[in-house]
Amino acid sequence: MIKNKSIAIILAILTFITGSILIISIIFYTVKIPLTSIWESQNQLYAFSAILISAALASMVYGRGSKQRATDVAEFLNKKLEMDIRGKDIAGLLKLLERFPPFLVNLYVSKNINAIEEFKIPIKEHTTQLTDEDLLKIRKIVEMPAPELQSLLNDIYLITNLEQIKILAEPKAKPLIELNLEELKKILFNY
């Protein structure tokens, strides 16, 4: 697991560059095309494919440890909330949260945006797949007072080092959390 974000970024960039060069070389050698013709239109598909593969490899390097991170968060939550939460479920939530860059989370906080309203349809669609046990776990979390939930988020930030979680754990995010918890209760539990 790569805990230092700067090192993870550097390794991902190096992986991308090295991978692109190696994969392009291998493809061009295998197909018997001289490397000097890399920019010719008929060969750009090979180069593009190599770059896509390298990007996937770099993404895997950057994301190394995310499974362990999810497992650590699940273990923490299971102890803290006395629940049985799977690392797989946490991994999905963390990946979803990582898709929102920190500047966007800051925007949601500063403008107190009702994110639940924006994602109401996908939430309702996903709710049909939840078991009664899943809904009980969700209810326990959404009924927590915002300061208690933010304290929990701060602990999760210490485990994950995700900037998005840190932003949500800050006091200025309390109104956003309260608004979105109320909206989530309405959708899931008809409050």
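No value in this document is a laboratory result; all are computed from the given coordinates. Keep in mind the model is a prediction, meaning the values are calculated, not measured. Methodologically, a virtual Cβ is constructed for each residue, glycine included, from the backbone with ideal geometry; neighbour enumeration extends over all protein chains shown.
Values computed for the structure shown
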| quantity | calculated |
| --- | --- |
| Axial C-alpha extent at least 27 Å, average Kyte-Doolittle at least -0.5 - helices from the chain (DSSP) | 5-31 |
| Neighbour cut-off at most 15 other Cβ (10 Å), DSSP loop, GluC sites (Glu not before Pro), the range 66-119 | E82 |
| Exposure proxy ranking, count of Cβ atoms within 10 Å, fewest first, for T160, T36 | T36, T160 |
| Taking the chain and dividing mean pair separation by its residue count, relative contact order in percent (alpha carbons under 8 Å, at least six apart) | 20 |
| For the chain, calculated [θ]222 nm from helices alone, where every DSSP H run of n ≥ 4 adds -39500 (n - 2.57) | -24000 deg cm²/dmol |
| Mean separation of Cα contacts under 8 Å (6+ apart) over length of the range 5-62, as relative contact order % | 58 |
